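Participant: Okay, handing you the structure first.
Rule-based calculations on the coordinates, nothing more; no lab input. Model, not experiment: these values are computed from the prediction. Here the Cβ is made from the backbone with ideal geometry for all residues, glycine too, and neighbour counts use every protein chain on show.
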Amino acid sequence: MSDHTAPHRQFASDTWAGLRPEALQAMQEANAGHASAYGDDPWTARAVRQLRALFETECEVFFVATGTAANALALAGICQSYHSVICHADAHIQTDECGAPEYAGKGLKLMTVRGPEGKLTPAAIRETAAKRRDVHSHKPHVVSISQATEVGTLYSLEELQAVGATARELGLHLHMDGARFANALATLNAPAKALSWQARVDVLCFGGAKNGVALADVIIFFDRALAADFEYRRKQAGHLVSKLRLFTAPWAALLESGAWLDNAQHANRMARTLESELRAIPDIRILYPVQANAVFVKLPAAWNHALHERGWHFYTIADGERLMCSWDTQPEDVAAFVRDVRACADGT
Ligand SMILES: *Cc1c(COP(=O)(O)O)cnc(C)c1O
């Protein structure tokens, strides 16, 4: 049973954190009085304006309630039912969306590929796309990558450009699951446009929930032709939110103040601190490079159990323990966790 009254914050997931206070305040302000519904309101217009300014292009922007809906609808929007999407075997769209992309895509198929550190390589994309080109198999149409990946790693700018160029060369669209795009941007420290459309990303699902910005995630089409009729698809799927201003006012406020980036920088910093503290403890292995807000470790089985007994919550994923930092993770939380891990190591 989760114990959210515990004195410290958990490392279970960045979805466990609440909204940043400014986000809640922006929601409260937008809540006053009446405003027209379904996104025809000044807060949504401001959020769209801010996103276009951030990406320095006239992209098409659609807010939806969850990251799963964003991925599923974005992929369905650019695929026919006979198309396939090349993705990593650990991709959220493959392992954690209950088949939502296939459901929305009405026959669409995911072609999974293994790759080091949660990433696809140009060679693996080429090989997968070349496997079958006959009418009896799905037709490859999209490459989907996660940035940050599900194991907390990042495609460097060069790796991203190489994936984009490969997709383009093969005539495939590029979809980016950016549930943690902010964390990627915070580390890579490159302009948003370089990490998206300039690297040939056609559609980005940009996460707000895990950042503490808002409840909603956003689908951004850089190739505007791909957004044709998307408005109808979103409505049919039940993701045109009537009181959209309550979702978009926090986005507008945190994009304007820069707090969204600050959230991501802070979470990444906490992850790096946690990593370096854990590295110093014998018998702990760090499984992946820590490049965003996740630390994957391999703890002795007895420690995992003992830490849960002490009230810590975290998930065992990808052959290890996943520790996620959030916008509100505090140095004291890291210190308290490390103290308890040390107690396991000392057998006390
Ligand atoms: C959390 C997450 C999502 C979206 O999750 P929802 O719970 O549907 O909001 C999508 N992709 C990745 C990589 C995620 O970690």
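Participant: Subtract the Cα-Cα distance of Ala194 and Ala89 from 0.36 nm times their separation in residues, and report this length gain in nm to one decimal.
Facilitator: Working: separation 105, 0.36 × 105 = 37.80 nm, distance 2.59 nm.
Extra length from Ala194 to Ala89 when fully extended: 35.2 nm.
Participant: Taking H placed 1.01 Å from N in the peptide plane, check which residues at least 5 places from Ile317 or on another chain put their amide H under 5 Å from its amide H.
Facilitator: Arg322
Participant: What is the magnitude of the charge dipole of segment 21-257 about its Cα centre, with +1 placed on the Cβ of each Lys and Arg, -1 on the Cβ of each Asp and Glu, and no other charges, expressed in debye to the nearest 20?
Facilitator: Working: 23 positive and 25 negative charges, 99 e Å.
In debye, rounded to 20, segment 21-257 gives about 480.
Participant: List, in order, the whole-Hz ³J(HN,Hα) value for each residue of segment 215-226 obtained from phi through the Karplus relation with A = 6.51, B = -1.76, C = 1.60 and θ = phi - 60°; use x for Gly and Pro.
Facilitator: Coupling constants for segment 215-226: 7, 9, 10, 9, 9, 10, 9, 7, 8, 5, 5, 6 Hz.
Participant: Further, regarding this structure: Provide the per-residue ³J(HN,Hα) series for segment 41-55, in order, calculated from phi with Karplus coefficients 6.51, -1.76, 1.60 and θ = phi - 60°, each as a whole number of Hz, with x at glycine and proline positions.
Facilitator: 9, x, 5, 5, 4, 5, 4, 5, 4, 5, 5, 5, 5, 4, 8
Participant: Provide, in order from the shortest bin, the percent of all Cα-Cα pairs of the chain in each 20 Å bin, continuing until the bin that contains the maximum pair distance.
Facilitator: The percentages, shortest bin first, are 31, 56, 14, 0.
Participant: Each residue of segment 253-260 in order: what ³J(HN,Hα) in whole Hz does its phi give by Karplus 6.51 cos²θ - 1.76 cosθ + 1.60, θ = phi - 60°, with x for Gly and Pro?
Facilitator: In residue order, the calculated couplings are 5, 6, 5, 5, 7, x, 5, 4 Hz.
Participant: Label Arg269 and Thr121 with points 7 Å out from Cα along Cα→Cβ: what is the distance between them in nm?
Facilitator: 3.6
Participant: Need one number: % antiparallel among DSSP beta bridges in the chain, to the nearest 5.
Facilitator: Numbers: 18 of 36 bridges.
Rounded to the nearest five, the antiparallel share is 50 percent.
Participant: A follow-up question, please. Comparing Gly39, Gly258, Gly107, which has the greatest mean-square fluctuation in the GNM of the chain with Cα pairs linked when under 10 Å apart?
Facilitator: Gly258
Participant: Net charge around Leu170, counting only other residues with Cβ within less than 14 Å of its Cβ (Lys, Arg = +1; Asp, Glu = -1)?
Facilitator: Values: positive: Arg126, Lys131, Arg132, Arg133, Lys139, Arg168, Arg200; negative: Glu127, Glu169, Asp202.
Spelling it out: positives minus negatives among the neighbours equals +4.
Participant: Among Ala17, Asn304, Gly207, flag the residue with its Cα farthest along the positive direction of the charge dipole of the chain, charges on Cβ as +1 for Lys/Arg and -1 for Asp/Glu.
Facilitator: Result: Gly207, furthest along the dipole toward the positive end.
Participant: A further question on this structure: Structure shown: which of Lys235/Lys298; Lys119/Lys210; Lys131/Lys235; Lys193/Lys298; Lys193/Lys235; Lys139/Lys243 lie over 32 Å apart, alpha-carbon to alpha-carbon?
Facilitator: Pairs exceeding the cut-off: Lys235/Lys298; Lys131/Lys235; Lys193/Lys298; Lys139/Lys243.
Participant: Amide H to amide H under 5 Å from Gly39: which residues, 5+ apart in sequence or cross-chain, H placed 1.01 Å off N in plane?
Facilitator: Distant-sequence amide H within range of Gly39: Leu244, Arg245.
Participant: Please list, in chain and number order, the residues 5+ apart from Phe63 or on another chain whose amide H is under 5 Å from its amide H, with Hs placed from the backbone.
Facilitator: Ile219
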